[in-house]
Amino acid sequence: MGLDAVDPVETAGTYAAEASFQRLPGLSNPKGVSRRSAAPPGSYVRHDKGRLVVGHASGSKSTFFLG
């Protein structure tokens, strides 16, 4: 799969890494996608109470269906 990146406001330091996510098969369903953070390692984008946050993976809350 590919690497997704948010265009950084600055290119120095850790900002660029913290704004980059790897697209992976969904954690709870391989037909979906999960986004793993480049930094900190092991963190994923997940849904939490109506918001998107970066933190520990949470199965279905870390799997998204794009369509």
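Read the figures in this text as sums done on the coordinates, not as results from a lab. All values reported here derive from a predicted model rather than from experimental measurement.
Numbers at a glance
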quantity: Amide H contacts under 5 Å for GLY32, placed H, 5+ residues apart; calculated: GLY26
quantity: From phi via Karplus (6.51, -1.76, 1.60), per-residue ³J(HN,Hα) for the stretch 42-53 in Hz, x at Gly/Pro; calculated: x, 8, 10, 6, 9, 8, 9, 6, x, 10, 9, 10
